[in-house]
1. Can you compute the FRET efficiency between Ala126 and Ile204 using 1/(1 + (r/R0)^6), with r the Cβ-Cβ distance and R0 = 51 Å? Round to the nearest 0.05.
2. Taking the Cβ of Leu86 as the center, what net charge do the other residues with Cβ under 13 Å away carry, scoring Lys and Arg +1 and Asp and Glu -1?
3. Karplus couplings for region 129-143 from phi (6.51 cos²θ - 1.76 cosθ + 1.60, θ = phi - 60°), rounded to Hz, Gly and Pro as x?
4. Residue by residue through region 49-56, what is 3J(HN,Hα) from phi via Karplus (6.51 cos²θ - 1.76 cosθ + 1.60, θ = phi - 60°)? Round to whole Hz and write x for glycine and proline.
5. For Leu260 paired with Ala286, estimate the spin-label separation in nm (one decimal), with each label point 7 Å from Cα along the Cα-to-Cβ line.
6. May I ask for the distance between the Cα centers of region 184-232 and region 112-175, given as a whole number of Å?
7. Taking a virtual spin label 7 Å from the Cα of Leu218 along the C-beta vector, which residues in region 44-67 bring their backbone nitrogen under 17 Å of it?
8. Using 0.36 nm per residue of separation minus the Cα-Cα distance, give me the extension gain between Val144 and Ala156 in nm, one decimal.
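Taken together, the values in this text are just the output of simple stated rules run on the coordinates, not laboratory data. All of these numbers come straight from a predicted model, not from anything done at the bench. Note: ideal-geometry Cβ built from the backbone for every residue, glycine included; neighbour counts use all protein chains shown.
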Amino acid sequence: MRRALERPAPSPAVSPSAPTRLSGVAAMFGSGLSNQTGAAVGALAFPVLGPLGVVAVRQYVAALVLLAVGRPRLRAFTWRQWWPVLLLAAVFGTMNLTLYTAIDRVGLGLAVTLEFLGPLTIALAASRRRLDAGCAVLAAAGVVVLMRPQPSTDYAGMALGLVAAGCWASYILLNRVVGRRIPGAQGPAAAASVSALTFLPIGIVVALRHPPTAGALLCAVTAGVLSSAVPYLADLLTLRRVPPQTFGLFMSVNPVLAALVGWVVLGQGLGVPTWVGIGAVVAANAVSLAPR
């Protein structure tokens, strides 16, 4: 699953030493594992809060983290800066809500794999290599396997996963616009704040209709920390130690991590065909990002 925080800008290119690269790889693995574990822990609160309640809490945590990091000067923003921020806020909330609802319906591994099609589509659309055309075919084959008709197939859940993919793609494109118009992390921090304010009345309604237990609230907050704060800090460390290309390649393992965490934490076992479909999407992404 995609984090709901903007990636830190990579540091200037350097030639990292072996220990530095090793620490970078460890940070990347920790970031991915934290992100997927956070989603799984959040899913434990679904019976009490539902995906909507968990996402609301996650948005609050993300806003607090980014406000502390970005410290946006909101009064100084112009309309030219505000409109992509508002769009980013809308995409931010929709992305997490559709993803978490998909997780509730089809499981963590499948939901994250479908969402991963968003950035993969952007990467393939920007390329003109014949090899990338093959990657697109491979990814499409993987999706066909994942969405093959079965008596228990939840097409609504899969559709939500694909909506999350579209939101992630939009999130990437909007972040580029915001990054060009607003310095540092001020833009993402402002977007996270607007999204959190939008979810504030929603969270209140959910709390009144379904009073949260201490355990459910703790799971939701933990999801926000593990899927927002920890990955952001880990990625900040990682991008100073490994090239951006390596970082992108390592992200390809996130669907696999999601499937494994879903199996261990949530007991969501996957059949061989589903693993084949996940593997096809992961392989397509890895090949598309490989050095040219």
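1. My answer for the efficiency is 0.75.
2. Net charge around Leu86: +2.
3. For region 129-143, the Karplus-derived couplings read 6, 5, 4, 5, 5, x, 5, 5, 5, 4, 5, 4, 5, x, 5 Hz, x marking Gly and Pro.
4. Computed from phi, the couplings for region 49-56 are 9, x, x, 4, x, 5, 5, 4 Hz.
5. According to this spin-label approximation, the distance is 1.2 nm.
6. When both Cα centres are located, 26 Å separates them.
7. Taking a point 7 Å out along Cα→Cβ of Leu218, the residues of region 44-67 whose backbone N falls under 17 Å are 44-49.
8. Roughly 2.8 nm would be gained on extension.
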